[in-house]
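Novice: Let me begin by handing over the structure; questions about it come next.
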């Protein structure tokens, strides 16, 4: 198995998009971390530095978009939140296709501690009308989906992660489309919907469940908005029990989005794995994920609870 | 798109005395429209519209290359009203310039109209959706970078209020404009001295505003924002500032032209009653 970090996929996508002369890159002193620095090194004339000033960067991106450019702006996901109102009022409301990428999202960010571990970014950006929200799980899907954004007329927020995780899309690039969930494993007993660094944990959980005779479907919901409601409905009918898994608050992220959708389409028992209304702290990613309840074992336990609820209904 | 389609200012300023009196006449008509719009809607921001209107009339009259026949021409000069609540002033000028009809003005702040409460890009001739202060200059920085990437000589003018200078983002933008040496970016600050709750110096005393802009690397020039000759000269000076960003600091009177509104914080966000409108229109002649 090979490994890759989704932030590297973002950097590679910008290089891939460079042949489009309308693509411009905006940075706020974290290009070395978000990997837009690779674009800067080759195309300095199309890369703009805004210093540590995210609000200004986002509105400048809007000005560039209003003038026919395709801006890709990035910083840490937590500092994207600082420009929330700018994304709402200055970008999404007039409808400019500005693409904001926040790297280092989630508890998995690790040692930098709770100030850097954005756990509510997906929730807040999902609440903005007309905004696409992505959270790819590996470098390959981050690259493919970021490249697709350049064709979109909608503004977007993409969360990438700092650390390398197992690659899940090697040789499977063609299945990736913005707005379409990807079923990575089939099983009839429970559906596990996951995003980001929790996707490979969901696959691990499915293997553990299989040893106990429980067969789980695992789907990567890399697009939180617009949510693939067709797939939600299909899985609800087929499996009758749901688990969501995300390195994000239980409030308003994937779990929230799926709950909103299920309640309208086809209500089935739903158990959510995520951050339980609390902040993280400094530590190595793996022990932190254990402490926060974000492991394959947590997904296994949630799947069993969902199945029990299905059977007692 | 060919350059000549970008449009032209309303007036040729070559015949200066004639043009100045014409600009003053335009401004008077615009003041009437501002008052009628806000009174009809019984909401809106007449005070800051009346303080800004002489500046706007001179800007559209002598500088901006825009055309109602091609409001989305990519090479047009851009105007960004960062103090987006002063929208009636822009709508009044756009009506004079042929972008909007009387009917559009009549539907100010009503459902389905293009004249939204705060300037919005759904309105022909409006380049920026405002309403949240401190954002317009950043947007202008992006527009100015785009013009430079295009190799096009279009200019970007951003009008700000003085209360708005309290927003931190505005100074992020000011710093980035000089960092990127944006000679095509022009600022105008409408220094009417009053913000929503009260006089600016009571809400947040901003001290020496000219020194602040200078310290951020902007060429600055102060002027009387109700003296048409000074404004036209100031805009011409600003047009020549090509090496970096420049700003006109315009001393104005909130509510200018309507005696009971002048320098009165009440009329920041409060329309005249129909009875007050009669008095105001008589005074304007």
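Where a number appears in this text, it was derived from the coordinates with a stated rule and is not lab data. Remember, it's a predicted structure, so these values are computed and weren't measured experimentally. No Cβ is skipped: glycine too gets one built from the backbone with ideal geometry, and neighbour counts run over all protein chains shown.
Novice: For chain A, what is the relative contact order in percent, using Cα pairs closer than 8 Å and at least 6 residues apart in sequence? It would help to have the intermediate numbers written out before the result.
Specialist: On the way: 763 pairs, mean separation 55.1, N = 313.
Computed value for chain A: 18 percent relative contact order.
Novice: Quick check: from the Cα gyration tensor, does the stretch A:3-166 come out rounded (a/c under 1.5), prolate or oblate?
Specialist: Values: a/c = 1.42, a/b = 1.14, b/c = 1.25.
Rounded is the answer for the stretch A:3-166, as its axis ratio a/c remains below 1.5.
Novice: Right, next: Please give the Cα centre distance for the stretch A:145-169 versus the stretch A:263-289, rounded to the nearest Å.
Specialist: Distance between centres, Cα-based: 21 Å.
Novice: Just counting partner chain Cβ atoms within 10 Å, what average do the residues of peptide B:172-179 show around their Cβ? Don't skip to the answer; put the middle values down first.
Specialist: On the way: counts 11, 7, 1, 4, 8, 2, 0, 4.
Neighbouring Cβ atoms belonging to other protein chains average 5 per residue here.
Novice: For a paramagnetic label modelled at 7 Å from the Cα of residue B:72 toward its Cβ, which residues of the stretch A:66-104 fall within the zone defined by backbone nitrogen distances under 20 Å?
Specialist: A:66-71, A:90-99
Novice: How many times 2.2 N^0.38 Å is the alpha carbon radius of gyration of chain B? Intermediate results must be reported in sequence, preceding the final value.
Specialist: Details: Rg = 17.5 Å, N = 285, 2.2 N^0.38 = 18.8 Å.
Chain B yields a ratio of 0.93.
Novice: Find the relative contact order for the stretch A:179-312 and round it to a whole percent, using C-alpha pairs within less than 8 Å whose residues are 6+ positions apart. Write out the running numbers ahead of the final one.
Specialist: On the way: 266 pairs, mean separation 37.7, N = 134.
Relative contact order here is 28 percent.
Novice: Sticking with this structure for a sec: Quick check on chain B: of the DSSP beta bridges with both residues there, what percent are antiparallel, nearest 5%? If you can, show how the numbers build up before the last one.
Specialist: Working: 2 of 24 bridges.
Looking only at bridges with both residues in chain B, the antiparallel portion is about 10 percent.
Novice: Compute the distance in nm between two label points, each set 7 Å from the Cα along the Cα-to-Cβ direction, one at residue B:233 and one at residue A:151.
Specialist: My value for the distance between the label points is 5.9 nm.
Novice: Here's another thing I want to ask about it. If R0 is 45 Å, what FRET efficiency do you get for residue A:180 and residue B:202 from their C-beta distance, rounded to 0.05? List each step's numbers first, then the result.
Specialist: Numbers: r = 56 Å, r/R0 = 1.25.
The calculated FRET efficiency here is 0.20.
Novice: To continue, here is another question. Give me B:182, B:137 ranked fewest to most by other Cβ atoms within 10 Å of their Cβ, as a rough exposure proxy. Mind showing how you got there, number by number?
Specialist: Details: B:182 23, B:137 32.
Exposure proxy ranking, most exposed first: B:182, B:137.
Novice: Another question, then. State the extension gain, in nm to one decimal, for the chain segment bounded by residue B:153 and residue B:224, taking 0.36 nm per residue of separation less the distance between their alpha-carbons. Don't jump to the answer; show the numbers that get you there.
Specialist: On the way: separation 71, 0.36 × 71 = 25.56 nm, distance 2.82 nm.
Taking 0.36 nm per residue and subtracting the Cα distance, the gain is 22.7 nm.
Novice: Cα centroid distance between the stretch A:12-59 and the stretch B:225-244, in Å?
Specialist: The distance from the Cα centre of the stretch A:12-59 to that of the stretch B:225-244 comes to 35 Å.
Novice: Regarding the protein assembly as shown, what's the average projected area of the Cα-atom convex hull, expressed in nm²?
Specialist: On the way: hull surface 116.1 nm².
Mean projected area for the protein assembly as shown: 29.0 nm², to one decimal.
Novice: What's the angle, to the nearest 10 degrees (0 to 90), between helix A:199-211's Cα axis and the longest principal axis of chain A?
Specialist: 10 degrees
Novice: Assuming R0 = 51 Å, can you tell me the calculated FRET efficiency for the pair residue A:215 and residue A:112, based on Cβ-Cβ distance, to the nearest 0.05? Kindly include the intermediate steps, with their values, before the conclusion.
Specialist: Numbers: r = 39 Å, r/R0 = 0.76.
Given R0 = 51 Å and the Cβ-Cβ separation, E is 0.85.
Novice: Between residue B:264 and residue B:211, what length comes free when the chain is fully extended (0.36 nm per residue of separation minus the Cα-Cα distance, one decimal in nm)?
Specialist: 16.4 nm
Novice: Related question: Of all beta bridges DSSP finds with both residues in chain A, what is the antiparallel percent, to the nearest 5? List each step's numbers first, then the result.
Specialist: Details: 8 of 43 bridges.
About 20 percent, rounded to the nearest 5.
Novice: What value does chain A have for Rg/Rh, both radii from Cα atoms and Rh as Kirkwood defines it?
Specialist: Numbers: Rg = 18.7 Å, Rh = 19.2 Å.
Checking Rg against Rh, the ratio lands at 0.97.
Novice: Right, something else. If you average the C-alpha positions of the stretch B:208-223 and of the stretch B:128-153 separately, how far apart do those two centres end up, in angstrom?
Specialist: 20 Å
Novice: In degrees between 0 and 90, to the nearest 10, how far off the longest principal axis of chain A does helix A:229-239 point, with axes built from Cα atoms?
Specialist: That works out to roughly 20 degrees.
Novice: Here's another thing I want to ask about it. What number, in percent, do you get for the relative contact order of chain B if the mean sequence gap of Cα pairs under 8 Å and at least 6 apart is divided by its residue count?
Specialist: Working: 588 pairs, mean separation 63.3, N = 285.
Computed value for chain B: 22 percent relative contact order.
Novice: Angle between the Cα long axis of helix A:254-265 and the longest principal axis of chain A, 0 to 90 degrees, nearest 10?
Specialist: Tilt relative to chain A: about 60 degrees.
Novice: Indicate the gyration tensor shape class of the stretch B:153-222 (rounded, prolate or oblate), computed on the Cα atoms with a ≥ b ≥ c the square roots of the eigenvalues: a/c under 1.5 is rounded; otherwise a/b larger than b/c is prolate and the rest oblate.
Specialist: Details: a/c = 2.17, a/b = 1.84, b/c = 1.18.
It comes out prolate by the Cα gyration axes.
Novice: Give me Rg over Rh for the stretch A:179-312, both radii from the alpha carbons and Rh done the Kirkwood way, two decimal places.
Specialist: Values: Rg = 13.6 Å, Rh = 14.4 Å.
So for the stretch A:179-312, dividing Rg by the Kirkwood Rh gives 0.95.
Novice: Also, quick follow-up: Hey, fewest Cβ within 10 Å first, where do A:19, A:77, A:36, B:132 land in order? Please list the in-between numbers first.
Specialist: Values: A:19 7, A:77 32, A:36 27, B:132 19.
The fewest-first ordering by Cβ neighbours comes to A:19, B:132, A:36, A:77.
Novice: Viscosity 0.890 mPa s, temperature 25 °C: what is the translational diffusion coefficient of the stretch B:9-155 from Stokes-Einstein with a Kirkwood Rh over Cα pairs, rounded to a whole number of µm²/s? Mind showing how you got there, number by number?
Specialist: Values: Rh = 15.6 Å.
Translational D for this selection: 158 µm²/s.
Novice: Follow-up question, since we're still on this one. Express in nm, to one decimal, how much length is gained between residue A:85 and residue A:52 on full extension, taking 0.36 nm for each residue of separation and deducting their alpha carbon distance. Present the calculation step by step, with values, prior to reporting the outcome.
Specialist: On the way: separation 33, 0.36 × 33 = 11.88 nm, distance 1.71 nm.
This chain segment gains 10.2 nm when fully extended.
Novice: Another question, if that's okay. Take B:120, B:224 and order them by how many other Cβ atoms sit within 10 Å, fewest up front. Write out the running numbers ahead of the final one.
Specialist: Working: B:120 18, B:224 15.
Least crowded to most crowded, the residues run B:224, B:120.
Novice: Let me have the 222 nm mean residue ellipticity of chain A computed from DSSP H runs of 4+ only, each contributing -39500 (n - 2.57), with the sum over all residues rounded to the nearest 500. It would help to have the intermediate numbers written out before the result.
Specialist: Values: 12 runs with 119 residues, N = 313.
Result for chain A: -11000 deg cm²/dmol, rounded to the nearest 500.
Novice: Just to be sure I understand the model, the point goes 7 Å from the Cα along the line to the Cβ. What's the resulting residue A:130 to residue A:277 distance in nm?
Specialist: Placing both labels 7 Å beyond Cα along the Cβ direction yields 3.4 nm.
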